[in-house]
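K.L.:
Take this structure, written in structure tokens, and hold onto it; I'll ask about it next.
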């Protein structure tokens, strides 16, 4: 099944108006880092819940996703929301250095080609722009639980699951630094990693 069809099928099977997991926590983190007037790419925007809050806070927002169905739902719910369909693999139809902030909430763990994805993030961020992301945390306790419990391992490492990558605070920090992001900060809260990183100027 082609990638676009796969993502469309997932979204068409989901009920509408879903509340994102740990929405309040992630929204608080996001709004702490975005100022009114900034141009924000909401990457993996889904139905546009974060985009709506960013617009309410005075940001200029482009909601982008790899499937048309969530973007259709977002446009229906958020008046005037600008949307863009992007490829799961390959380049995005977005200009270089066109965003102050890229927000990717619960996205990076689904990405097959992480290097290409981060390269595109860097390309569309202006120098000094900020990448903000959240992803499930896999620290020592989580890894120990997976090692000791077959059930927990089977649930987390489901071969048919959507998560392709698993991050700890250390591995996520190292990855962002390797892609020339500076001032990398990764914190852990309620089972999530919350990361901010600044695009280097060169």
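The values are calculated or read from the model by the stated rules, or taken from the named source; none is laboratory data. Everything numeric in this text was worked out from a predicted model, so none of it was measured. Reconstructed Cβ throughout: ideal geometry from the backbone, glycine too, with neighbour counts over all protein chains shown.
K.L.:
Of all residues in segment 173-190, count the ones that are free of Cβ contacts under 8 Å to residues at least 60 places away in the same chain and more than 18 Å from residue 125 (Cα to Cα).
P.N.:
Going through segment 173-190, the residues free of Cβ contacts under 8 Å to residues at least 60 places away in the same chain turn out to be 173-174, 176-178, 180-188.
Now narrow it down to the ones that are more than 18 Å from residue 125 (Cα to Cα): 173-174, 186-188.
Of the residues in segment 173-190, 5 are free of Cβ contacts under 8 Å to residues at least 60 places away in the same chain and more than 18 Å from residue 125 (Cα to Cα).
K.L.:
Would you be able to tell me the number of residues in segment 120-168 that are in contact with a strand residue (DSSP E or B) (Cβ under 8 Å, 6 or more places away or on another chain) and modelled with pLDDT of 95 or more?
P.N.:
Summing the residues that are in contact with a strand residue (DSSP E or B) (Cβ under 8 Å, 6 or more places away or on another chain) and modelled with pLDDT of 95 or more in segment 120-168 gives 14.
K.L.:
Now for a different question. Out of 104, 97, report the one residue that is modelled with pLDDT of 95 or more and assigned to a strand (DSSP E or B).
P.N.:
104
K.L.:
Another one. Testing residue 30 on (1) crowded, with 19+ Cβ neighbours inside 10 Å; (2) modelled with pLDDT under 95; (3) under 21 Å from residue 193 (Cα atoms), one condition comes back false. Which one is that?
P.N.:
Just one mismatch for residue 30, condition (2).
K.L.:
Continuing with the same structure: Which of the residues spanning segment 54-74 are closer than 19 Å to residue 5 by Cα and part of a strand (DSSP E or B)?
P.N.:
The answer is 64, 65.
For every residue, the table says whether it meets (1) modelled with pLDDT of 95 or more; (2) over 21 Å from residue 111 (Cα atoms).
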| site | (1), (2) |
| --- | --- |
| 2 | no, no |
| 6 | no, no |
| 12 | no, no |
| 25 | yes, yes |
| 37 | yes, yes |
| 42 | yes, no |
| 54 | yes, yes |
| 59 | yes, yes |
| 69 | yes, no |
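K.L.:
State yes or no: is residue 39 touching a residue at least 24 places away in the same chain (Cβ under 8 Å) and within 15 Å of the chain's Cα centre (by Cα)?
P.N.:
When the stated conditions are applied, residue 39 does not pass them.
K.L.:
Quick check on this structure: which one of 39, 75 is in contact with a strand residue (DSSP E or B) (Cβ under 7 Å, 6 or more places away or on another chain), surrounded by fewer than 20 Cβ atoms within 10 Å (Cβ to Cβ) and more than 24 Å from residue 196 (Cβ to Cβ)?
P.N.:
75
K.L.:
Of the residues 51, 134, only one is in contact with a helix residue (DSSP H, G or I) (Cβ under 9 Å, 6 or more places away or on another chain), crowded, with 20+ Cβ neighbours inside 10 Å and not in a strand (DSSP E or B); which?
P.N.:
51
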